[in-house]
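The values are calculated or read from the model by the stated rules, or taken from the named source; none is laboratory data. Everything numeric here is computed off the predicted structure, so don't read it as measured data. Reconstructed Cβ throughout: ideal geometry from the backbone, glycine too, with neighbour counts over all protein chains shown.
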Amino acid sequence: MNLKKLLERQHYELVGRHSAVKICEWTKQSMRNEGFCYKQKFYGINSHRCIQMTPALNYCSNSCIFCWRPLEYNYGIKIKKEDSPKKIVDKCIEAQVWKLAGFGGTDKSDKKKLAESKKPMHFAISLSGEPTVYSKLKELIKEINKRGMTSFVVTNGMFPNKLKGLNPTQLYISINAPNKKLYKKICAPVFKDCWKRLLKSLKVMKGLKTRRTLRITLIKNLNMIEPENYAKLIKIAAPDFVEVKSYMWVGASQKRLNIKNMPLHNEVKEFAKKIGKHCGYKIFDEKKESRVVLLMTKDLKTRKIKF
């Protein structure tokens, strides 16, 4: 099966040459008033007005063992012909509205949310691939900001120089191992100096003016070790937030990992506490359904974004 057909079967909506939108399960639940994403609980991002997208579909420097995408389709780290930021934003909004239109045909849908969903307010730039591979990421964020929307960008930190001057509403760096050896095993990066690149990105992050978050994805029986070394990484970046969350046994990762690699919420919470003891961060929020906790040094009154 070719990649396009595979992605369409997985309900991706391809946008232009190298971008895509996929309706998040939490967005669907929110439309039916059955639940919402942890980003809504932690930061005030309305799930029914959030576009989950990528400007670098299947372009990535890493082949993480826990990734939901099929790793055999990795296109590398260079997009040859790039679409304009304006085209990507326009087409992503168009795709999101079209994909959600079906909710108008069921009585289970919240009609007010359906109407609001036609005017998205947030771009979650994290769906698949590494967003910093797209060379116009800064301009893409500016285009989003210009329209009065917010943006969260999730990066693996392998391109530290591209983070300089990057100004999304909130920037994430994923730190999925406490040491270099385990990082190489879990993330399978193309760069031999991957750990050096990650450390540099954490240092760059510390100097950025935007909201800053570190994300740790916990895989039971693999990376739930050395909490003191995770804490050392956190100290380098000094982020506003640290999200500690469970690996989820979904997509292509089911071929590489076992359902037993998915820690329970209480296990995530206990390990997060161990990390916090070494760096001064404490749990201020959690969402059991998502198996995620939020660590901060103090409860920031401004953490929930006002629209």
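Below are the figures for this structure:
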| read-out | value |
| --- | --- |
| The stretch 37-58, residues that are surrounded by fewer than 23 Cβ atoms within 10 Å (Cβ to Cβ) and either among the polar types (S, T, N, Q) or at pLDDT below 95 (or both) | Gln40, Asn46, Asn58 |
| Subset of the stretch 69-83 that is surrounded by 16 or more Cβ atoms within 10 Å (Cβ to Cβ) and assigned to a loop (DSSP other than H, G, I, E, B) - its residue that is modelled with the lowest pLDDT | Pro70 |
| Sole residue being free of Cβ contacts under 8 Å to residues at least 60 places away in the same chain and more than 17 Å from the chain's Cα centre (by Cα), chosen from Gly165, Gly157 | Gly165 |
| Residues that are outside any helix (DSSP H, G or I) and in contact with a helix residue (DSSP H, G or I) (Cβ under 8 Å, 6 or more places away or on another chain), drawn from the stretch 86-110 | Ser109, Asp110 |
| Qualifying positions in the stretch 196-219 - assigned to a helix (DSSP H, G or I) and not charged (D, E, K, R) | Leu198, Leu199, Ser201, Leu202, Val204, Met205 |
| Options Gly129, Gly157, Gly148: the member that is out of contact with any Leu (no Cβ under 9 Å at 6 or more places or on another chain) and not in a helix (DSSP H, G or I) | Gly148 |
| Sole residue being among the acidic types (Asp, Glu) and out of contact with any Lys or Arg (no Cβ under 8 Å at 6 or more places or on another chain), chosen from Glu116, Glu139, Glu82 | Glu139 |
| Flag if Lys113 is outside any helix (DSSP H, G or I) and more than 18 Å from the chain's Cα centre (by Cα) | no |
| Qualifying positions in the stretch 4-19 - among the small types (Gly, Ala, Ser), crowded, with 21+ Cβ neighbours inside 10 Å and either out of contact with any helix residue (DSSP H, G or I) (no Cβ under 7 Å at 6 or more places or on another chain) or more than 19 Å from Met121 (Cα to Cα) (or both) | none |
| Filtered residues of the stretch 20-34 (kept if under 15 Å from the mean Cα position of the chain (by Cα) and outside any helix (DSSP H, G or I)) | Ala20, Val21, Lys22, Ile23, Cys24 |
| Conditions (1) outside any loop (DSSP other than H, G, I, E, B); (2) touching a Pro at 6+ places or on another chain (Cβ under 8 Å); number of the one not met by Lys138 | (2) |
| Selection count where residues are touching a strand residue (DSSP E or B) at 6+ places or on another chain (Cβ under 9 Å) and either assigned to a helix (DSSP H, G or I) or surrounded by fewer than 20 Cβ atoms within 10 Å (Cβ to Cβ) (or both), scope the stretch 175-185 | 0 |
| Breaking point among (1) touching a residue at least 12 places away in the same chain (Cβ under 8 Å); (2) over 27 Å from Thr297 (Cβ atoms); (3) over 15 Å from the mean Cα position of the chain (by Cα), for Gly129 | (3) |
